[in-house]
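In what follows, a structure is listed as structure tokens, so that the remarks can point back to it.
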Amino acid sequence: MTRQRTFVATAAVLAAILLYAVAPAIAHHSSAPFYDPTKKVEVKGTVTRLLVKNPHSFLYLTAPDDKGQKVEWQVEMGTGAQLARNNLTIETLKPGTDVVVSGQPSRAEGSHGMCCILSLTKADGTPILRGRVPQEPQ
């Protein structure tokens, strides 16, 4: 093999390795276009279900809106593994559990969504989750 071919082959292998290494970072997106990091919303409601999946899990709860009508809130969370590391499972957040959750509200007008949990407690104040866990800010 000539020197030029060896160089080209080596460069191609290094480029492939670099692309493989940075692909996960490129694929991940910021939550800022979807949720407003400058605002905080707090909701007191009842868990209807916890959907644990990758890349994002979702907590669903019903809570009264400002007119007293029950609405469903969707709380975007981290991966199943992140939830498990924080002892957050379908057993710890069973349907019917009354909770208070705060986080960044959805930017979509008229929607009832949030992400980037700042706190999640039972209705009596018992902490379930604190801080920007399990989804770190982007």
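The values are calculated or read from the model by the stated rules, or taken from the named source; none is laboratory data. None of these values were measured; they are calculated from a predicted model. Cβ sites come from the backbone with ideal geometry, for glycine too, and all protein chains shown count toward neighbours.
Residues in the stretch 79-105 that are touching an Asp or Glu at 6+ places or on another chain (Cβ under 8 Å) and among the small types (G, A, S): how many?
Start the filter on the stretch 79-105 by keeping residues that are touching an Asp or Glu at 6+ places or on another chain (Cβ under 8 Å), which leaves 100-102, 104-105.
Adding the requirement that they be among the small types (G, A, S) leaves 102.
The qualifying residues number 1.
Counting only residues that are β-branched (V, I, T) and in a loop (DSSP other than H, G, I, E, B), which one in the stretch 106-133 is modelled with the lowest pLDDT?
Taking the stretch 106-133 and keeping what is β-branched (V, I, T), we get 117, 121, 126, 128, 133.
Then drop every residue that is not in a loop (DSSP other than H, G, I, E, B), which leaves 126, 133.
Values: T126: 90, V133: 43.
In this case the residue turns out to be V133.
Any residue at all in the stretch 4-26 that's of a type in the set (S, T, Y), at pLDDT 90 or above and either assigned to a strand (DSSP E or B) or outside the structural domain of G125 (by TED's automatic domain parsing) (or both)?
Restricting attention to the stretch 4-26, the residues satisfying the condition of being of a type in the set (S, T, Y) are 6, 10, 20.
The next check asks that each one be at pLDDT 90 or above; those that pass are none.
No, the stretch 4-26 contains no residue that is of a type in the set (S, T, Y), at pLDDT 90 or above and either assigned to a strand (DSSP E or B) or outside the structural domain of G125 (by TED's automatic domain parsing) (or both).
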Open item on the list: So, in the stretch 55-107, how many residues would count as being among the small types (G, A, S), closer than 14 Å to L129 by Cα and free of Cβ contacts under 8 Å to residues at least 60 places away in the same chain?
Closed with: 2
